[in-house]
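Quick notes on the structure that follows.
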Amino acid sequence: MTCQGCEARREWMIKHARQAKERMQRVLMSLGVGTKQSVDSIDQPVSADQQRTDSTDQ
């Protein structure tokens, strides 16, 4: 059982997280105009390159 304040805060956080994601997608769409990358790939994990590229990384 949760209190009303906790539930209201939880719903506020969910609402604002959704709005922030939508804003970020709009920004990325405006920056990506003319590129081949789609906005749908925003949520996709990116694999890190396993090769060392610099002698300082060793």
Does VAL46 satisfy the criteria of being at pLDDT below 60, hydrophobic (A, V, I, L, M, F, W, C) and surrounded by fewer than 10 Cβ atoms within 10 Å (Cβ to Cβ)? yes
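Residue-by-condition table, conditions (1) within 19 Å of the chain's Cα centre (by Cα); (2) at pLDDT below 90; (3) not in a helix (DSSP H, G or I):
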position: ARG9; (1), (2), (3): no, no, no
position: ARG18; (1), (2), (3): yes, no, no
position: MET24; (1), (2), (3): yes, no, no
position: SER41; (1), (2), (3): yes, yes, no
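The values are calculated or read from the model by the stated rules, or taken from the named source; none is laboratory data. What you see is a predicted model, and the numbers here were worked out from it, not measured in a lab. Methodologically, a virtual Cβ is constructed for each residue, glycine included, from the backbone with ideal geometry; neighbour enumeration extends over all protein chains shown.
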